Amino acid sequence: MLGMVNQAVEDMARSLGGESLWLKIAEGAGLDPEVGLLRMESYPDELTYALVGSASQVLSLSPDQVLEEFGKHWILYTGENGYGQLLKGAGQDLKTFIGNLDLLHGKVESLIPGTRCPRFSSQELGPNCLRLIYRSHRKGLGALVSGLLKGLGERFGTPVSVQILDPEEDCQAFEICWEQAP
Amino acid sequence: MKVLRQLFPFSLVVNRQLKVLTWGDSLCKVTPEVCRRGTDLSQLVRLERPHSTEVTRDFLLSCRRQGQIWRLNTSQLNLRGQVVVLPKERIFLAFTPVLSSLQQLEQLGLDLGDLGVLDNSIEFLMQAQLQEVAMADSTRLRQVLQSKNAELTRQRLELETAQEIAQLGSFEGPADGPYVFSRNLYRLLGLSAQSQIDLSDLLALYAPLTDQFNLASLLQGGTFDVQLGEVWHRWTVYRANDRISGTVQDISLQKHSENQLLQAKLTAERANQAKSDFLAMMSHEIRTPMNGVLGLTELLLNSVTEPELRDMLDLIRQSGQSLLVILNDILDYSRIESGQMPVELREVQLQPLLSNLMQLLSPQAERQGVGLELRMDRDLPAWVRTDPTRLQQVISNLVGNAIKFTHQGKVVCRVSHRDSLLQISVQDTGIGIAPEHLARLFQPFVQAEASTTRRYGGTGLGLSICQRLCRMLGGDIAVESVPGQGSCFRFWVAAPPAQAPGPSLCKPVADLNFAADLRILVAEDNLVNRRVLMGMLGRLGLSATVVENGRLGLCECQKQGFDLMILDVEMPEMDGLELIRRVRAGEGGVPNRDAYIVSLTAQARERDQEGCLEAGANGFLSKPVSLSQLQQALRPLARG
């Protein structure tokens, strides 16, 4: 996974407990905290799982809770601070943004060699609801996507509910509803 | 047409008069004015390149094969354009926006989906932003590397300094090489730092190599002390995960110190041995005449009846016994120091042992006019397991001291038992000991004050011996004292409760009788001691053939068979041990090679006793010999 995604764990740790908390989590994941994460580097997925595992231990949260916070934090802080313009280009409202998710990931994948980004497709379920289909070779990251979607709701000031549906063999579906028409 | 508009969402279609017919959704989003049929093209856009000019149909048709740059009249957005002629004289203007930043996309109210699928401009902008990120990361990484490099340099210098101070070099690498050698290793081995070397090159310096120190043994790991000329090196090698790391240290100084220490230790051991031998010899030299003094005094006391003479003889006996106590103290201390004091644990009946001991000590107390009390706890176990000889030695010493230093009042000996420990305190109402002298009271050759030695005598070894005996018996000793009021010595030894052993078959010494026709040989070179022995044997109703040395003794043995032989160990011409060995070997037809042999020596050390028994003696007597000791030694020959 790209360093720019993993970086959310670092940012989240620093915002929750400062440098010392991040050092603990990094140490637990076997990462040299001084070198940290290079945002354009494609890291083995094991590192992501190790970071989540270590944060889970240090923060006494379940891995899914960590992943959801990790996703939210990425949208609201990490992405916003480093790639704000890129995110803004993906859409000015929740629905447009979700609609452009696959396009955005496709462009990132074409621009950074060696990355394997997830695929997204969506189906409208009504004026304020849609179903998002997420496909990835990485398993167990449904909570991360859920956190990203909730983060997007906050980003656009649109209270959102995300329901993770039962995973299928090659994909994971989410039902997303928001309170007002975006 | 719809497909074209999707491919080019910023496109326009105009008619022959350049009036707008249809428009792309994205263009409409940026410039809503365009979304009206019939609007004049020139009202919406103007041409920037190839040159700014009035836009006419002919002009548009003339530049069909080249691209143009247009600008929207209503915003600062430039459009890249291409003219395509459609049927019915319509013209398709395929516009794509010229974006200079992602921010511009936001300012125009556009998003990724508003751009045509064939439009790569957004990729360029994204790439620019990602490159910025990569550059920032690269800059940060360079700073981290610089900082780490500086830290590594500092650590390397620190390590080099430490290695130089410790006269140590190091190396590290995979087992099959190549290795990295520290600078100080080169220096230590007198090599140029530029040399291209391997471990085998270093080992070649120590040629010829040995079975213990060679490349194969080194790679197994371990510590090797080897010499390179006059210099000693210690190689310490670790092997882990097929990597080898090691150090080479100059330990010449350490080796020199070790040698000095070893020499000092040997010298000290020799001195200690000399001291022990000297003590033993002195003990022997004094014991021999003491045997005469005490033995003859005892014999005289049994035959003299005149009170004045008896008093004088008694004084001689007491003085001799005091001298013997001093001798025994010196000998005991010497034994304890050399670790040769044996501890013989056995079942001991406490009550008779303690009572008899107090009885033995009570005459001394009576003479001093001091009371002597023994108070034993009611729940004292009848039998315990300990060394009775050493226990009695400690109690005698403490009670004897207490009596000696008490002029009025009493000495109380309290005995209790708890948790397998026998605890005994000896409390007196004597002169007491000043606090400043208490701490060194148990040091050898120390008495509380110099004046004590002058007034009360003694070697100053007694308490030191007591302390060491207590510790040998698994306990210790302590003292409390108030000057002028008295002292209390308290000691404890391990003495677990024990079962009573089976009934003893031994008869009391006093009841022993011997057959008068017992054939006895006495070999003793000292005239006085011969007389003492003969006197004692006479007291037992026995007589003996007497000779002055072993050679004569052997002659006598060859002439007649003896039932008992009492042989001095140290004799001229042939010593007692040699005589025993020859008798046991039946040399020259000795008729009774199984005679009962008691050896007699002034050497009171355990190893001397063992030497006699090894030579073939049945019993052993240490000079000076008392009548009762002689009786005890001859017990196996007693009648009945």
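Here r is the Cβ-Cβ distance between residue A:62 and residue B:152 and R0 is 41 Å; the resulting FRET efficiency, rounded to 0.05, is 0.55.
Extending 7 Å from the Cα toward the beta-carbon at both residue B:73 and residue A:168 defines two label points whose distance is 5.2 nm.
Taking the charge dipole of the protein assembly as shown about its Cα centre, with +1 at Lys and Arg Cβ atoms and -1 at Asp and Glu Cβ atoms, the residue from A:38, B:220, B:116 reaching farthest to the positive side is B:116. I'd like the distance separating the alpha-carbon centroids of the range B:55-105 and the range B:171-207, in whole Å. Taking the Cα centre of the range B:171-207 as reference, the centre of the range B:55-105 is 75 Å away.
Relative to the current alpha-carbon distance between residue B:513 and residue B:196, full extension at 0.36 nm per residue lengthens the span by 104.6 nm.
If the only charges are +1 at each Lys and Arg Cβ and -1 at each Asp and Glu Cβ, what is the size of the charge dipole of chain B around the Cα centre, to the nearest 20 debye? Don't skip to the answer; put the middle values down first.
Numbers: 66 positive and 70 negative charges, 612 e Å.
Charge dipole, chain B, about its Cα centre: 2940 debye, nearest 20.
Rounded to the nearest 20 debye, the dipole magnitude of the protein assembly as shown is 1600 debye, with +1 charges on Lys and Arg beta carbons, -1 on Asp and Glu beta carbons, and the Cα centre as origin. The angle between the Cα long axis of helix B:252-303 and the main principal axis of chain B comes to about 20°, on a 0 to 90 degree scale. Ignoring aspartates and glutamates fewer than eight residues from residue B:2 along the same chain, the ones with Cα atoms less than 12 angstrom from its Cα are B:25. Extension gain, residue B:539 to residue B:632, is 32.1 nm, computed as 0.36 nm per intervening residue step minus the present C-alpha separation.
Carbon and sulfur together cover what percent of the accessible area of the protein assembly as shown at a 1.4 Å probe radius?
Numbers: 21450 of 41990 Å².
Accessible surface attributable to carbon and sulfur in the protein assembly as shown totals 51 percent.
Give the distance, in whole Å, between the Cα centre of the range B:398-425 and the Cα centre of the range A:103-174. Cα centroid to Cα centroid, the span is 93 Å.
Pairs of Cα atoms under 8 Å, at least six residues apart: use those to get the relative contact order of chain B, whole percent. 8 percent. For residue B:162 and residue B:443, the FRET efficiency from 1/(1 + (r/R0)^6), where r spans their Cβ atoms and R0 equals 51 Å, is about 0.70.
Let me check I've understood the local charge: for residue B:386, count other residues with C-beta under 12 angstrom from its C-beta, Lys and Arg +1, Asp and Glu -1. What total comes out? Before the final figure, lay out the partial values.
On the way: positive: B:346, B:385, B:390; negative: B:344, B:347, B:387.
Charge balance in the 12 Å sphere: 0.
Solvent exposure of chain A amounts to 45 Å² per residue of accessible area, where only protein heavy atoms count and the probe is 1.4 Å.
Taking the Cβ of residue A:26 as the center, what net charge do the other residues with Cβ under 12 Å away carry, scoring Lys and Arg +1 and Asp and Glu -1? Numbers along the way, then the final one.
Values: positive: A:14, A:24; negative: A:10, A:19, A:27, A:32, A:34.
That sum, taken over residues with Cβ under 12 Å, equals -3.
Full extension of the segment from residue B:282 to residue B:416, taken as 0.36 nm per residue of separation minus the current Cα-Cα distance, would add 44.3 nm.
When the Cα positions of B:408, B:319, B:75 are compared along the charge dipole of the protein assembly as shown, B:75 comes out farthest toward the positive end, with charges on each C-beta of Lys, Arg, Asp and Glu. Between 0 and 90 degrees, the angle of helix B:121-165 with respect to the longest Cα principal axis of chain B falls at about 20 degrees. Using only the Cα atoms of chain B, build the gyration tensor, take square roots of its eigenvalues as a ≥ b ≥ c, and label the shape rounded, prolate or oblate: rounded if a/c is under 1.5, else prolate if a/b is larger than b/c, else oblate. In terms of gyration-tensor shape, prolate.
Of the candidates A:140, A:126, A:36, which one comes out as most mobile in a Gaussian network treatment of chain A with C-alpha springs shorter than 10 Å? So, out of A:140, A:126, A:36, the one fluctuating most is A:126.
Peptide A:99-107 is shielded by partner chain Cβ atoms: per residue, an average of 3 of them sit within 10 Å of its Cβ. Counting, for every residue in A:78-88, the Cβ atoms of other protein chains within 10 Å of its Cβ and taking the mean gives 4.
Highest-first packing order for the peptide set B:395-405, B:527-537 is B:395-405, B:527-537, based on the mean count of other beta carbon atoms within 10 Å. Taking a point 7 angstrom from the Cα of residue B:326 along the C-beta vector, which residues in the range B:369-405 have backbone N less than 17 Å away? It comes to B:401, nothing else.
Are any of the pairs A:72/A:139; A:88/B:19; A:24/A:95; A:95/B:88; A:107/B:148; B:275/B:623 more than 29 Å apart by Cα-Cα distance, and if so, which? From the list (A:72/A:139; A:88/B:19; A:24/A:95; A:95/B:88; A:107/B:148; B:275/B:623), the Cα-Cα distance tops 29 Å for A:88/B:19; A:24/A:95; A:95/B:88; A:107/B:148. Which residue, B:520, B:240, B:365, has the largest displacement toward the positive end of the dipole of chain B when charges sit on each Cβ (Lys, Arg +1; Asp, Glu -1)? Working it through, the farthest residue towards the positive pole turns out to be B:240.
Packing around the peptides B:624-633, B:140-149, B:197-206, taken as the average count of other Cβ atoms within 10 Å per residue, puts them in this order, highest first: B:624-633, B:197-206, B:140-149. Taking Cα atoms only, the orientation of helix B:550-559 departs from the longest principal axis of chain B by about 60 degrees. The distance from the alpha carbon centre of the range B:562-640 to that of the range B:261-289 is 26 Å, rounded to a whole number. Ranked by the mean number of other Cβ atoms within 10 Å of their residues, highest first, the peptides B:173-181, B:38-46, A:151-159 fall in the order A:151-159, B:38-46, B:173-181.
Which value at 222 nm does the protein assembly as shown reach when only helices count, each DSSP H run of 4 or more adding -39,500 (n - 2.57), with the total divided by all residues and rounded to the nearest 500 deg cm²/dmol? Write out the running numbers ahead of the final one.
Values: 27 runs with 377 residues, N = 822.
Taken over the protein assembly as shown, the calculation gives -15000 deg cm²/dmol.
Computed from point charges on the beta carbon alone (+1 for Lys and Arg, -1 for Asp and Glu), the dipole magnitude for the range A:3-61 about its Cα centre is near 180 Debye.
Chains B and A: how much accessible area gets covered up at their contact, both sides added, probe 1.4 Å, in Å² to the nearest hundred?
Values: alone 34870 and 9330 Å², together 41990 Å².
Summing both chains' loss of accessible area gives about 2200 Å².
The residues of the range B:295-376 expose, per residue, 58 Å² of accessible area to a 1.4 Å probe.
Quick check: from the Cα gyration tensor, does the range A:3-61 come out rounded (a/c under 1.5), prolate or oblate? Don't skip to the end; give the middle numbers.
Working: a/c = 1.67, a/b = 1.34, b/c = 1.25.
Judged from the Cα gyration tensor, the range A:3-61 comes out prolate (a/c at least 1.5, a/b above b/c).
Shielding of peptide B:103-114 by partners, expressed as the average count of other chain Cβ atoms within 10 Å per residue Cβ, is 5.
The values are calculated or read from the model by the stated rules, or taken from the named source; none is laboratory data. The shown structure was predicted, so the numbers you read here are calculated from the model rather than taken from an experiment. Here the Cβ is made from the backbone with ideal geometry for all residues, glycine too, and neighbour counts use every protein chain on show. SASA here: full protein model, heavy atoms, side chains in, ligands and nucleic acids out. Shrake-Rupley method; radii C 1.70, N 1.55, O 1.52, S 1.80 Å.
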